[in-house]
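For reference, the structure is listed below as structure tokens.
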């Protein structure tokens with residue numbers, strides 16, 4: 001069988017199986033969990049992609065400078081991968097997981113199934129069923145940024161199991177040194193508030209970087225994130241919401 005015809009048959013089979021929410025295995029038993037539908041400057045494992053291709057369980061996806069990739073998974077789950085990102089996709093106990101080592105992933109879901117994004121410190125997933133769009137970025141200084149564009153996102157500290165619910169339209173910037181998670185809005189502990197008589201620090205002392213900063217996304221930032229998962233530009237989405245509206249710095253609870 002000529003190679004172009006063989007490739008067409010395999011691609012058709014994969015498309016049918018993925019659309020139906022089913023699984024398929026290539027020779028050797030490696031399960032296919034997704035399909036890269038568009039990419040540039042992207043490799044799976046050590047193999048550069050020509051533009052599209054299959055994604056096997058536990059495959060690492062890497063994008064270079066100016067690169068991007070768009071991946072479809074069963075049950076209407078999609079991931080957009082920004083430039084200079086390293087992420088592994090795997091199936092764990094029936095759950096689809098993205099192990100983010102560096103860079104930015106934007107995820108979209110339509111129903112109950114979702115993509116759980118994990119870093120070394122946090123696990124992130126949408127709060128409820130139904131459509132959701134959310135962004136997770138692990139920056140070069142090892143700080144974490146999370147944006148809940150559509151639907152609330154639960155941020156869980158893996159070491160303690162403590163979690164914080166990030167509301168739709170908000171983003172969180174989390175310093176690499178952060179320990180614990182903030183209390184829910186309006187539920188901060190009284191002992192965490194400074195005493196009224198506590199003197200203010202000298203004006204010459206630079207304020208410390210807050211462990212968590214919660215802000216509001218601008219309308220333009222929300223559009224940029226949504227556009228990324230429907231095939232638009234991904235590279236600027238991680239930084240787009242950083243100039244959004246008001247917000248506040250909060251300290252994690254221990």
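Checking each residue in segment 30-51 for being free of Cβ contacts under 8 Å to residues at least 40 places away in the same chain and in contact with a helix residue (DSSP H, G or I) (Cβ under 9 Å, 6 or more places away or on another chain) picks out 32, 35.
Taking the listed residues 173, 192, the one that is touching a strand residue (DSSP E or B) at 6+ places or on another chain (Cβ under 9 Å), modelled with pLDDT of 80 or more and either closer than 30 Å to residue 159 by Cβ or surrounded by 13 or more Cβ atoms within 10 Å (Cβ to Cβ) (or both) is 173, with no other qualifying. The residues of segment 108-129 that are touching a residue at least 24 places away in the same chain (Cβ under 8 Å) and in a strand (DSSP E or B), listed by number, are 108, 109, 115, 118, 122, 123, 124, 125, 126.
Among strands (runs of 3 or more DSSP E) entirely within segment 23-107, having at least 3 residues that are under 18 Å from the mean Cα position of the chain (by Cα) and either over 19 Å from residue 229 (Cβ atoms) or modelled with pLDDT of 95 or more (or both) singles out 31-44, 59-73, 77-81, 86-92.
The values are calculated or read from the model by the stated rules, or taken from the named source; none is laboratory data. Here the structure is a predicted model, which is why all the values come from computation and not from measurement. All Cβ positions, even for glycine, are placed from backbone atoms using ideal geometry, and neighbour counts span all protein chains on display.
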